[in-house]
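Since every read-out is calculated from the coordinates, none of them should be taken as a lab result. Given the structure is predicted, the values throughout are model-derived calculations rather than measurements. Please note: Cβ atoms are built from the backbone with ideal geometry, for glycine as well, and neighbour counts cover all protein chains shown.
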Amino acid sequence: MYAALTWQSLPTLETPLLLLDEQTMQRNIVRMQTRMNSLGVAFRPHVKTSKCPEVARRQLAAGATGITVSTLKEAEEFFGQGFNDILYAVAMVPNKLEHALQLLRAGLHLTLLVESVAAAEMLSQHGRANGVCYEVLIEVDTDGHRSGIEPADPLLLQVASTLQNDGKQGARFKGVLTHAGSSYDLRTPEALVAMAEQERSLCVLAAENLRAAGYPCEVVSIGSTPTALSATSLPGVTEVRAGVYVFFDLVMAGVGICSKEDIALSVLCTVIGHRPANGWIITDGGWMAMSRDRGTQKQEHDFGYGMVCDVAGKVIPELAFTQANQEHGVLQWDGQAQTNIAQKFPIGSQLRIVPNHACATGAQHQRYVVLPAVGNELQVWERFGGW
Ligand SMILES: Cc1ncc(COP(=O)(O)O)c(C=O)c1O
């Protein structure tokens, strides 16, 4: 279906489809890796954004060390593609233990996460019962955003002491992890630099408290895209994680951490109708293609369901993506009233919609149609979903 296609083939392709601009993505990869290199830390990209081995291979080729995943399905898929150093950065629960065990036994170097005594106990017991040793990080809360244990909370030491093994079997405490997700709500470089330092210093403090209590803490893993790109120095940190930077999106542009030209992802859709009296252009790109994510709603510029561009990627400021049904997108014309919108955007013509949230929009699709960095021939990279 997608064999031997070129840029010129776009009008013949069935829409909606997910377009990936390889050159822009590559620039984002190099920008992040260069920054991590200059800060002297290892970089472990979060592949939940792309769920695509082709993308992750480029992140490793640029210098990343291992990957981060948000599901064991991702761990399994990437391991199947030859990735062998994987951090599952969501707290473990009993019904996922068998899956983790299976991956470990198959040879995957898997690191797990806990934030409770109950989970630590469960991992230690399961490891002992099955003759394996789980390597485990403890999640630290550095911004009150979501999960994790505060650095000074005695629970931190309790969880570490519960991670037990007899040298071979059980669970091994390996380090601490935090994610300053509240950085998404910030808007100024000063606030982002301060949040990056808060994320770093509190996670390092947690590591120091653990070491002082006799628990060696080799990993100090921090990161989100806004903090990773704002940190000015990272003493005490061993690795940084970031995900959405690889494609960027409108939310990240609203945070001020990238420009709109840095966004590598868009959805190609086709005009299927008009309501001139309302100034509406109707496309086949509804929320099923974009996701329901309205992440820019609380930002300075609300882009509705996405930013409307022409097929070459040039923004059309007069069109706002105001409504989305499952398979219909409604674009509101806000330009000159006398413009004949049906003539300007005829049935069958194509538009590109830049997403609010790259991870959410990507998750709606099975593949990327890649606009290549070199040459004219489109490529198709498969991505996966589910759990
Ligand atoms: C634990 C963890 N680490 C890293 C990330 C990456 O964050 P970002 O996509 O902002 O780079 C996330 C994102 O949700 C996360 O949950």
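3J(HN,Hα) along segment 214-219: x, 9, x, 10, 7, 10 Hz, from the Karplus curve 6.51 cos²θ - 1.76 cosθ + 1.60 with θ = phi - 60°, whole Hz, x for Gly and Pro.
Might you report the magnitude of the Cβ-based charge dipole of the chain about its Cα centre, with Lys and Arg at +1 and Asp and Glu at -1, to the nearest 20 debye? Kindly include the intermediate steps, with their values, before the conclusion.
Numbers: 30 positive and 38 negative charges, 91 e Å.
Computed charge dipole of the chain: roughly 440 debye.
Averaging 1/r across all pairs of distinct Cα atoms in segment 284-387 and inverting the result yields a Kirkwood radius of 15.1 Å. Highest mean first, the peptides 143-151, 371-379 sorted by other C-beta atoms within 10 Å per residue fall in the order 143-151, 371-379. From its DSSP helices (H runs of at least four residues, each -39,500 (n - 2.57)), the chain gives a residue-normalised ellipticity at 222 nm of -8500 deg cm²/dmol. DSSP beta bridges fully contained in the chain are about 50 percent antiparallel. Round to the nearest 10 and give me the degree value, 0 to 90, for the angle of helix 117-130's Cα axis relative to the longest principal axis of the chain. Orientation of helix 117-130: about 80 degrees from the principal axis.
First check a/c for segment 1-115, with a ≥ b ≥ c the square roots of the eigenvalues of its C-alpha gyration tensor; if it is under 1.5, answer rounded, and if not, answer prolate when a/b is larger than b/c or oblate otherwise. Cα axes put segment 1-115 in the oblate bin. Computed with the Debye formula from one identical point scatterer per Cα of segment 136-216, without solvent, the log10 of I(q)/I(0) at q = 0.12, 0.18, 0.20, 0.22 Å⁻¹ comes to -0.38, -0.72, -0.84, -0.95. With the biggest extent put first, the Cα atoms of segment 255-328 measure 37, 26, 23 Å across the principal axes.
List the relative contact order of the chain as a percent without decimals, with contacts defined as Cα pairs under 8 Å and 6+ residues apart. Present the calculation step by step, with values, prior to reporting the outcome.
Numbers: 863 pairs, mean separation 74.8, N = 387.
Over the chain, the number comes to 19 percent.
For segment 161-288, the spread of Cα positions along the three principal axes, ordered from largest to smallest, is 72, 38, 20 Å.
For a modelled paramagnetic label at Q326, 7 Å from Cα along Cα-to-Cβ, the residues of segment 288-304 in reach, with backbone nitrogen under 13 Å, are 288-289. Extension gain for Q125-T12 works out to 35.0 nm (0.36 nm per residue, less the C-alpha to C-alpha distance). Here's how it looks for T111: its modeled amide H is under 5 Å from those of I86, L87, Y88, which are all 5 or more places away or on a different chain.
Please list, by residue number, every one of the trypsin sites (Lys or Arg not before Pro) in segment 67-129 that is coil in DSSP and has at most 10 other beta-carbon atoms within 10 Å.
Values: sites: K73, K96, R105, R128; in loops: none.
Passing both the DSSP loop test and the Cβ count: no residue.
Where is the GNM fluctuation largest for the chain (alpha-carbon springs, 10 angstrom cutoff): G40, G181, G131? Evaluated over the chain, the most mobile residue of the options is G131. Placing a label point 7 Å from the Cα of F384 along the Cα-to-Cβ direction, the residues of segment 25-60 whose backbone N falls under 20 Å of that point are 45-60. GNM remark for the chain: springs join alpha carbons under 10 Å apart, and the peak mean-square fluctuation among I263, I316, I353 falls on I316. The calculated pair-distance distribution of segment 202-257 uses every alpha carbon pair, bins of 10 angstrom beginning at 0, and gives 21, 41, 25, 11, 2 percent. Based on alpha carbons, the Rg and Dmax found for the chain are 22.7, 79 Å.
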